[in-house]
Structure formats: C-alpha cells, structure tokens
Amino acid sequence: MSFSDSLLPSVIETIGDTPLVELSRLTAGLDGRILAKLEFLNPGYSKKDRIARQIIEDAEAEGKLRPGQTVVELTSGNTGTGLAIVCGVKGYPFVAVMSRGNSMERARMMSALGAEVVLVDQLPGSTSGHVSGGDLALVDQAAQRIVAERGAFRADQFHLAGNFRAHYLHTGPEFLRQSGGKIDAFCDFAGTGGSFAGCAAAFKEFNPAIRCYLIEPEGAAALAGEAVTNPNHRIQGGGYSMADLPLLRPEHIDGYLKVGDDEAVQVTRRLALEEGIFAGFSSGANAAAALRLLRTELRGKTIAVMMCDSGLKYLSTDLWE
Ligand SMILES: Cc1ncc(COP(=O)(O)O)c(C=O)c1O
C-alpha cells in the first residue's frame, strides 16, 4: 500500500486541471477531431471557478482585498458561484448581483454557498431566459451602487487581469499539455472574452499558427461589427452585444463565427445523447461552431473547445424537454 499525497487543504485546490475528451461520436463521418475540456467538473460546475480563484488570489497578493472585506460582482450565475465558493472558504462576505433573466438554479446555488444574491429586474420588454446587454447594464449599475454603499471589492470580471490570467496560466497550457500540443484551432463563445483571450494568448505563444475564432450569437455579433438584431438570444453566459471587450486582443482573433439558438440547443442535446456530456447552451454553441469548421475551412484539423458549464444549471429552462 502506498500513502496518498493528494489530500487537499480546501475545495479551492480542486479548481482546474479538468479532463480533455475527444468528441469522436459527435464527429463520426467527419474528417478531423474536436477536443472538449470538461469545465463542468469544477466544484461550482463551470469554468468560471477558475477566474474566481485567480481574481481573489491576485487581489490578495496585490493588497487590494482586506481580510473580511465584502466582495461584489455581477454574474450570470457561474462567476458568482465560483466567487461564493472561493469567498466562502477564505472568509470574505460575497454579494452576487444577477439579472432575473438568468435561470433560478443559479441563484439558489449561490445562496446555498453563503452568497447574498441581489436580483435585478430586466428591461421592460425583455423575457426570462434571454439576458441582453441592456439587462446586463442594469445589473452593472446595481453592482456599482452596492460596492459604493459597502466599501466592497469589485471582482470585476470584464476588466480585471485575473480573468485573462486564469486561462492564460492554466486552461490554455492544460489544453496544450493534454493534447500533446496537437491543436490546430480553438473556438469560443464570448461573454467577457476572458476565456478566449487567455487561451488564445497561450496558444499563440506556443504556436502562432493555431487559429482562434470568436463565437457570437446569430443576430448579436457586435464584436464582428454587425448590427444587433436579436439581443435576446438563448445562449446564456455571453453574447452581450458589446462591441468592445477590454480583455480581448484583436491580433489574436483569426475569425468570427455565429451560432443560432436552435443550432446551439440541438448540439447541446447531441452532446448529452451521443457523448454523455451534460452541458449548457454555450458548450453546445462551441461544439456547433467546431463542427461547422470541420465541415468547411478546417477539414482534417483538431479543434479545441470548452464545455463551459453543467446542464444541471438549465433544468428549469426549455433546453431539456
Ligand atoms: C456558461 C457560460 N458560457 C460562456 C461564458 C463566457 O465566458 P467568458 O466570460 O470567459 O467569455 C460564460 C461566462 O460567464 C458562461 O457562464
């Protein structure tokens, strides 16, 4: 019997190092491979646990977060869940500010993890399950007010380098290590753009020929410079119709792709049925875009994607029927 050296001091140390799986059932009959990183196996069931840890630990290292100081951030639920875990373990009170348009499983999970959840009404005319950039602007105003009222630290995922660094230092290098460096392309559905920016930077540093594609919802391709005709799409976690995301580096974007709601839903369901991968809308969007690339300009290539969060977060939506 050998004694284990794998005892961890807290759940925070279980964040990251997620498995990479080849989606060979989804790509049957196609020439090429899709490699999917199972980010829903993080303790908060999404990739955003990574940035929660990085942002808080960067702030601690830089002296920007005092012991016991309140942390506030706006969230579609996933960053908030990650922050609820990290702040809970480290002893910082955490306030999650979220639109009522996001699925309620997320609010309940954050509360269970000790977060104070502030729900913000959507714009008149917005519908539940469809969170637009306008809805998010209201959430941002509420977050700013709470930060000022409580003298809190804003774990600002749209601006803080920790969001980029989590993926540049960890997710990207993990992809490279687990694939033996055999990645030709990466495509990613953007919310803050932190995952895309960090992974793309790591990939380009390793091999500038790795092509990196940014994915947006059909009808909300603001980053690609198109007119926004459908801000109320169904792909939760991103596609906020913002023409500028501070963390993105334009020189790392080789192309823009669009995925429609129905296509994202269809591929999310195929992931569950064919691969046993129970993930959310944006994971389906990532795999859908990769499938299209394999059928067109990247035939025969290997494409890396993230399975961003768990399908359990959408049980109250019409994703699963
Ligand atoms: C489910 C889901 N998919 C995709 C994204 C977008 O990731 P990023 O903010 O790194 O662009 C998020 C961000 O919150 C998310 O929660």
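Computed values, structure above
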{"quantity": "Electrostatic dipole magnitude of the chain [Cβ: Lys, Arg +1; Asp, Glu -1; Cα centre; debye, to 20]", "calculated": "260"}
{"quantity": "Subset of 258/301; 182/313; 90/204; 47/204 violating a 23 Å alpha-carbon distance limit", "calculated": "182/313; 90/204"}
{"quantity": "Phi-based couplings in Hz for the range 63-80 (Karplus 6.51, -1.76, 1.60; Gly and Pro marked x)", "calculated": "x, 8, 10, 7, x, x, 5, 6, 10, 10, 7, 7, 7, 8, x, 6, 4, x"}
{"quantity": "Label-zone membership for the range 65-97, site residue 112, 7 angstrom Cα→C-beta point, backbone N under 17 Å", "calculated": "77-86, 88-89"}
{"quantity": "Residue-by-residue Karplus 3J(HN,Hα) for the range 203-216, coefficients 6.51, -1.76, 1.60, Hz, glycine and proline x", "calculated": "5, 5, 5, 6, 7, x, 7, 5, 8, 10, 10, 9, 9, 10"}
{"quantity": "Accessible carbon and sulfur surface of the chain relative to its total accessible area, %, 1.4 Å", "calculated": "52"}
{"quantity": "Förster-model FRET efficiency, 25 Å R0, residue 7 and residue 41, C-beta, rounded to 0.05", "calculated": "0.85"}
{"quantity": "Over the chain: Kirkwood hydrodynamic radius from C-alpha pairwise inverse distances, Å", "calculated": "19.6"}
{"quantity": "Heavy-atom surface of the range 125-245, accessible at 1.4 Å and reported per residue (Å²)", "calculated": "37"}
{"quantity": "Accessible surface, per residue, of the range 41-107 when the full set of protein chains is kept, probe 1.4 Å, Å²", "calculated": "30"}
{"quantity": "Cut-off under 5 Å, modelled amide H: who pairs with residue 118 long-range", "calculated": "96, 97, 98"}
{"quantity": "Loop-located trypsin sites (Lys or Arg not before Pro) in the range 218-314, at most 14 other Cβ atoms within 10 Å (DSSP)", "calculated": "299"}
{"quantity": "Area of residue 229 that stays accessible when all protein chains are in place (1.4 Å probe, Å², to 10)", "calculated": "110"}
{"quantity": "FRET efficiency for residue 14 and residue 312, using Cβ-Cβ distance with R0 set to 25 Å, rounded to 0.05", "calculated": "0.90"}
{"quantity": "Calculated P(r) of the range 99-154 - Cα pairs past 16 Å, %", "calculated": "48"}
{"quantity": "Normalised alpha carbon radius of gyration of the range 222-321 [divisor 2.2 N^0.38 Å]", "calculated": "1.12"}
{"quantity": "Interchain or long-range residues, amide H under 5 Å from residue 71's placed H", "calculated": "94, 95, 153"}
{"quantity": "Whole-Å distance, taken between Cα centres, linking the range 112-140 and the range 271-302", "calculated": "29"}
{"quantity": "Expected-Rg normalisation [2.2 N^0.38 Å, Cα atoms] applied to the range 1-69", "calculated": "1.62"}
{"quantity": "Note, ³J(HN,Hα) from phi for the range 188-195, Karplus 6.51, -1.76, 1.60, rounded to Hz, x at Gly and Pro", "calculated": "8, 6, 9, x, 7, x, x, 5"}
{"quantity": "Cα-based Rg of the range 1-125 normalised by 2.2 N^0.38 Å, two decimals", "calculated": "1.29"}
{"quantity": "Isotropic mean projected area of the C-alpha convex hull, the range 79-192 (nm²)", "calculated": "8.9"}
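The values are calculated or read from the model by the stated rules, or taken from the named source; none is laboratory data. Remember, it's a predicted structure, so these values are computed and weren't measured experimentally. So basically every Cβ, Gly included, is an ideal-geometry build from the backbone, and we count neighbours across all protein chains shown. Surface accessibility is based on the protein's heavy atoms, side chains included, excluding ligands, DNA and RNA. Shrake-Rupley method; radii C 1.70, N 1.55, O 1.52, S 1.80 Å.
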